[in-house]
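The values are calculated or read from the model by the stated rules, or taken from the named source; none is laboratory data. Values in this document were obtained by computation on a predicted structure and should not be read as measured data. Here the Cβ is made from the backbone with ideal geometry for all residues, glycine too, and neighbour counts use every protein chain on show.
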Amino acid sequence: MSAEKLFELRFPSKPERLCLVRALVKRSAEQVGCCDELTDKLVIALNEACMNVIQHAYQFDESGEIVLEIHAGENEIQFRLTDGAKLIELEKVEPRDLEDVRPGGLGVHFIREIMDDTDMGHLQNGEGNYLAMKKTIY
């Protein structure tokens, strides 16, 4: 399937920039025909994914850059986040047990629940990480 690039957004790893990311994801999802419920879920997933990059990959270093690409195919929307942070330990990226009741730490759980497919890894040049996510449009 060929997907059309809708947007590429580069932004600093600052939590206050996530309001712009949420607005872009919401508008993009609406534009490609996502229903309100799916749009809201996609906004949550992307917000959580970006916050994880800010918190865990960059460790709140606001000088880092995050790149968000949004693509749309015939019946799906795709998101790709890349960063230039130190390589994360992929095997340690696991959702927290839902029985472990405490604030925070559910981002990976939300992302995996909302998205149909996720792929995470290191950039080929060894200087950063990526998270690719796909969701069927309904």
| field | Search result, residues across region 78-122 that are surrounded by fewer than 16 Cβ atoms within 10 Å (Cβ to Cβ), modelled with pLDDT of 95 or more and not in a strand (DSSP E or B) | value | Asp116
| field | Residue count, region 43-66 (criterion: under 9 Å from Ala85 (Cβ atoms) and in a helix (DSSP H, G or I)) | value | 3
| When residues of region 14-64 are limited to those that are surrounded by 18 or more Cβ atoms within 10 Å (Cβ to Cβ) and without any contact (Cβ under 8 Å) to a residue 24 or more places away in the chain, the one farthest from Ile88 (Cα to Cα) | Thr39
| request: Could you check, for region 3-15, whether at least one of its residues is modelled with pLDDT under 95, over 15 Å from the mean Cα position of the chain (by Cα) and either of a type in the set (Gly, Ala, Ser) or part of a helix (DSSP H, G or I) (or both)? | output: yes
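Could you tell me how many of the residues in region 65-77 are loosely packed, with under 14 Cβ neighbours inside 10 Å and acidic (Asp, Glu)? Can you show your working first?
Kept after step one, since they are loosely packed, with under 14 Cβ neighbours inside 10 Å, are these residues of region 65-77: 74-75.
Of the ones still in play, those that are also acidic (Asp, Glu) are 74.
Residues in region 65-77 being loosely packed, with under 14 Cβ neighbours inside 10 Å and acidic (Asp, Glu): 1 in total.
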